[in-house]
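> Sharing a structure with you now.
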2 protein chains.
Amino acid sequence: MKYYSISEAAAQFNIPESTLRYYEKKGLLPLIERDGAGRRLFSEDQMALLGTVICLKNTNMPISGIRQYIDWVIEGDSTIALRLEMMQNHKQAVMAEISLMTESLEGIDYKISRYTERIQDY
Amino acid sequence: MKYYSISEAAAQFNIPESTLRYYEKKGLLPLIERDGAGRRLFSEDQMALLGTVICLKNTNMPISGIRQYIDWVIEGDSTIALRLEMMQNHKQAVMAEISLMTESLEGIDYKISRYTERIQDY
DNA sequence: ATACGACTTAAACCATGGTTTAAGTCAACA
DNA sequence: TGTTGACTTAAACCATGGTTTAAGTCGTAT
């Protein structure tokens with residue numbers, strides 16, 4: 001089973017190493033192993049979990065929420081219903097945010113069209 | 001010409017009065033008049049400008065960026081090209097963010113479908 | 001006349017999400 | 001053998017975007 005160093009993991013996901021250390025400290029990356037010298041070893045499973053963390057981060061889930069999700073993952077199959085409910089709720093929140101941004105984008109487009117008209121005069 | 005009190009403005013846009021005071025301090029709401037008692041009076045024009053500020057805020061433009069935009073509005077027609085360029089750039093940024101969220105939403109949907117399958121077993 | 005509610009200010013406070021720093025350890029290569 | 005580069009830690013630091021507090025001023029209804 002392949003393991004990744006912190007620099008490899010950071011490169012894979014294009015985020016700073018410091019952020020990975022911060023996430024581990026916050027409990028978003030639990031059970032990371034260490035080599036003999038104390039260096040982090042990311043397993044394939046943990047890379048996949050990191051992918052999920054980043055997916056949730058990309059959709060603006062707060063650290064505390066991601067932490068709760070990860071705690072449930074670790075707790076095991078008994079939390080599947082909770083995780084499902086969380087993801088369903090989060091999906092609604094994300095769709096609402098996308099809607100708000102999409103609506104607001106119309107306001108921006110309107111500005112662009114007005115400025116495009118007016119710019120002729122200058 | 002109708003004027004709005006801070007509480008009316010806050011109610012119109014559904015944001016706290018404290019946020020309006022904060023925005024004014026940050027230069028996002030310039031030239032707000034006061035009545036004899038020192039209370040803010042929002043004109044129709046300023047309500048419209050506030051709408052724009054909130055539109056930019058909804059699309060995650062930082063305060064500093066909104067401030068620059070407002071400064072250009074005040075400066076007058078000579079800044080129309082700059083404002084147009086800013087809005088065009090911002091539109092690209094917003095579309096990129098919507099894309100990222102939309103993509104990440106697929107990851108969330110995948111989680112939902114997997115959990116929905118597995119939940120049968122519990 | 002007075003008490004209430006809405007408003008004012010400046011300054012302190014807070015949460016969030018990292019980033020940076022300082023001091024040190026270790027492996028591998030010249 | 002020594003020095004370089006990648007890594008470690010804890011703690012300090014930072015930016016952003018507000019919110020809250022304290023103390024005070026008005027206008028109006030009782």
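> Assuming 0.36 nm per residue, please report the length gained on full extension of the stretch B:TYR3 to B:GLN88 beyond their Cα-Cα distance.
Going from the current span to full extension adds 27.4 nm.
> Report the closest approach of any chain B C-beta to the axis of the B-to-A rotation: residue and distance, in whole angstrom.
For chain B, the closest residue to the axis carrying it onto A is B:ILE98, 3.
> While we're here: If you look at just the Cα atoms of the range B:3-119, how large are its Rg and its Dmax in Å?
Rg and Dmax of the range B:3-119, Cα atoms, are 19.3, 67 Å.
> Would you give the gap between the C-alpha center of the range B:2-71 and the C-alpha center of the range A:69-105, rounded to a whole Å?
Spelled out, the Cα-based centre of one part sits 33 Å from the other.
> I need the semi-axes of the equivalent ellipsoid of the protein assembly as shown: take the C-alpha gyration tensor, multiply each eigenvalue by 5, square-root it, list largest first in whole angstrom.
Calculated on Cα positions only, the semi-axes equal 45, 21, 18 Å.
> Still on this structure, please answer the following. Over 30 Å between Cα atoms, which of A:LYS25/B:LYS26; B:LYS2/B:LYS91; A:LYS2/A:LYS25 qualify?
Details: A:LYS25/B:LYS26 34 Å; B:LYS2/B:LYS91 33 Å; A:LYS2/A:LYS25 23 Å.
Pairs exceeding 30 Å: A:LYS25/B:LYS26; B:LYS2/B:LYS91.
> May I pose another question? Which log10 I(q)/I(0) values, to two decimals, does the range B:39-91 give at q = 0.13, 0.31 Å⁻¹ under the Debye formula with one point per Cα?
-0.33, -1.30
> Taking a point 7 Å out from Cα toward Cβ as the label site, list the nm distances between B:ASN89 and the same residue in every other copy, smallest first.
3.9
Just so you know, all these numbers are worked out from the coordinates, no wet-lab data involved. Remember, it's a predicted structure, so these values are computed and weren't measured experimentally. Here the Cβ is made from the backbone with ideal geometry for all residues, glycine too, and neighbour counts use every protein chain on show.
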